[in-house]
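J.: Just dropping this structure here.
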Amino acid sequence: MCLDLKLIRYGLIMKKSPSRPLPNALNPLVSAPALLNQVRRAFEKIPDPRRYGQQFSLTDVLMSGLAVFCLKYPSLLKFDEQRNEARIRANLKALYGVQQAPCDTQMRSVLDRVDPLELRAPFIQINQQLYDQGILEDFRYLGCFLISVDGTGEFSSSNIHCPQCCTRQHRNGEISYYHQLLGAVIVHPDQKQVIPLFPEAITHQDGETKNDCEANASKRLLKAIREAFPNWPLRVVEDSLSANGPHINLLKELNIGYIISVKPSGQDSLFAEIKNRILKGQYEEFEVLGNDKILRGYRWMNEVPLNKSHPDLLVNFLDYWEIREGKESNFSWIVDIKLTKNNIEFVMKGGRSRWHIENQVFNTLKNQDYEFEHNYGHGEQHLITVFAMLMMLAFLIDQVQEYGCAFFQAARQRFHSRTSLWIKIKGLFTEFFIDTWESLWRAIIYGHYGGFLQPNTS
């Protein structure tokens, strides 16, 4: 029996699937090997890859960390338990380009000292290439790319902490320590996928005595996004905390449009002016009963002063309500777009797409095996933020493939949920030698031959 047949019989490699028509990736740029190669090249450009004196290259450590999140390992310990098995070593090398994977302690030690800003490069390069090749065009909306920006909790503890932690003083005198993350993703009302940009950590800033906050992190993030993508047409969709003069002036300075939620409880002056104009009849209104039997209503007015503190800062106001099965919902926004009867529905849908970052990003990361809230390691410097960056990078790779890679899409259709697909991928990764990503996708799409369990009695 030849070596290959022996390996197949004993379950050590996957037998090639029968000759059948194979799906072709819509564009090679959205395939797993292309995306991972881009990431690896970006990691290789980080200066002095062995600056920390470790036996592993920094690129291998970073790619190993990325593999943990791409393969949805629940902990570094589980990865460490398997990393030296022959199949895992071979597959890490073949699929992720990892020459030697570090143990969990070594990984934490190295990644703790990596500046998170250095990990923005793969996000920028992947997104810029998608833009240059026209792959992002289906995400263009109202002439721009809608960027949903929002924060989420990442870590909280009353005992574990580091110099980067923010602190919270409780009434009973106890102190809790926490990290938060500000995410930014390209959204579209009609797209199931989102395209993540690099996130910004909400952590204690050097030289500051007060906690970092979402507003300050937003300033840093938006400036960095505009610097990374100077020619992109951008419009942010944000919550009511951003409906203030300094923030809107910053957006104008950065040439970024906006659709920002507003509420009467937070923007008293604005809504007082809205009420005054309504009483004077200085507004436009439109109602429609849709085919879905939902009654929708729009009320809008242009060039309204934001508030008393910024009377010269004029915004356009849209109020939207709907009655669905006897229940009424209401939403309001300020926008930089001049509102007309022809565009109010599009603006409304753009504003409501802000929830994509909560529903399709944070909920996915927390509940679909990315283990966002799991403590993979806190570290003493940047470890928790570096892990969050690698996790978001793995999410970017998954989302791009789900949007544009026919191999991934065909594999995804075989399973009821993403988590089932993740289980299948990791199962094959840990049990078989896999020479290429195409072999992996073919085995998932068309099925594969299992091997016989053969104990090692030598």
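J.: Could you look through segment 268-299, keep only residues that are under 20 Å from S242 (Cα atoms) and free of Cβ contacts under 8 Å to residues at least 60 places away in the same chain, and pick out the one that is most open to solvent (accessible area, probe 1.4 Å)?
T.: Within segment 268-299, the match that is most open to solvent (accessible area, probe 1.4 Å) is D268.
J.: Also, I was wondering about something else. Please pick out the residue among Q99, Q129, Q133 that is polar (S, T, N, Q), open to solvent by 20 Å² or more (accessible area, probe 1.4 Å) and more than 30 Å from K223 (Cβ to Cβ).
T.: Just one listed residue meets the conditions, Q99.
J.: Please specify each residue of segment 114-133 satisfying the condition of being part of a helix (DSSP H, G or I) and either touching a His at 6+ places or on another chain (Cβ under 7 Å) or among the small types (G, A, S) (or both).
T.: Residues satisfying the conditions are P116, A121.
J.: So, one more: So, in segment 355-375, exactly how many residues are assigned to a loop (DSSP other than H, G, I, E, B) and under 18 Å from the mean Cα position of the chain (by Cα)?
T.: Result for segment 355-375: 7.
J.: Of the conditions (1) among the β-branched types (V, I, T); (2) closer than 30 Å to P163 by Cα; (3) touching a Phe, Trp or Tyr at 6+ places or on another chain (Cβ under 7 Å), V236 satisfies every one except a single condition; which number is it?
T.: Just one mismatch for V236, condition (2).
J.: What tally of residues in segment 60-75 results from selecting those that are in a helix (DSSP H, G or I), touching a helix residue (DSSP H, G or I) at 6+ places or on another chain (Cβ under 7 Å) and either touching a residue at least 40 places away in the same chain (Cβ under 8 Å) or open to solvent by 10 Å² or more (accessible area, probe 1.4 Å) (or both)?
T.: Going through segment 60-75 one residue at a time, the tally reaches 8.
J.: Determine the pairs where a residue that is in contact (Cβ under 8 Å) with a residue 40 or more places away in the chain and within 15 Å of F271 (Cβ to Cβ), located within segment 314-329, has a partner that is basic (K, R) and assigned to a strand (DSSP E or B) with Cβ atoms under 8 Å apart, the partner being 6 or more residues away or on another chain.
T.: As it stands, the answer is D319/R299, since those pairs meet every condition given.
J.: Exactly one condition in (1) open to solvent by 10 Å² or more (accessible area, probe 1.4 Å); (2) farther than 23 Å from R83 by Cα; (3) modelled with pLDDT of 90 or more; (4) not hydrophobic (A, V, I, L, M, F, W, C) is not met by N367; state its number.
T.: Condition (3) is where N367 drops out.
J.: Among the residues of segment 397-434, write down those that are open to solvent by 50 Å² or more (accessible area, probe 1.4 Å) and not in a helix (DSSP H, G or I).
T.: Within segment 397-434, R414, H416, F433 qualify.
J.: Could you say which residue among E322, E303, E328 is of a type in the set (D, E) and open to solvent by less than 90 Å² (accessible area, probe 1.4 Å)?
T.: Just one listed residue meets the conditions, E322.
J.: Any chance segment 250-265 includes a residue that's basic (K, R), open to solvent by 10 Å² or more (accessible area, probe 1.4 Å) and closer than 29 Å to A121 by Cβ?
T.: Yes; the residues of segment 250-265 include at least one that is basic (K, R), open to solvent by 10 Å² or more (accessible area, probe 1.4 Å) and closer than 29 Å to A121 by Cβ.
J.: So for segment 337-354 (the condition being surrounded by 13 or more Cβ atoms within 10 Å (Cβ to Cβ) and in a strand (DSSP E or B)), does at least one residue qualify?
T.: Looking for residues that are surrounded by 13 or more Cβ atoms within 10 Å (Cβ to Cβ) and in a strand (DSSP E or B), one finds none in segment 337-354, hence no.
J.: Tell me which residues, restricted to segment 220-249, are crowded, with 18+ Cβ neighbours inside 10 Å, over 21 Å from the mean Cα position of the chain (by Cα) and of a type outside the set (V, I, T).
T.: A243, N244, H247
J.: A further question follows. Show the residue pairs meeting these rules: Cβ distance below 9 Å; 6+ apart or different chains; first residue within segment 210-237 and over 25 Å from R352 (Cβ atoms); second residue assigned to a helix (DSSP H, G or I) and open to solvent by less than 10 Å² (accessible area, probe 1.4 Å).
T.: A228/F123; A228/N127
J.: Could you please find all residues in segment 378-395 being assigned to a helix (DSSP H, G or I) and farther than 11 Å from F198 by Cβ?
T.: L383, I384, T385, V386, F387, L390, M391, A394, F395
The values are calculated or read from the model by the stated rules, or taken from the named source; none is laboratory data. It should be emphasised that the depicted structure is a prediction, and the values quoted were computed from it without experimental measurement. Counting neighbours? That spans all protein chains shown, and the Cβs are built from the backbone with ideal geometry, glycine included. Accessible surface is based on the protein model in full, side chains and every heavy atom, while ligands, DNA and RNA are left aside. Shrake-Rupley method; radii C 1.70, N 1.55, O 1.52, S 1.80 Å.
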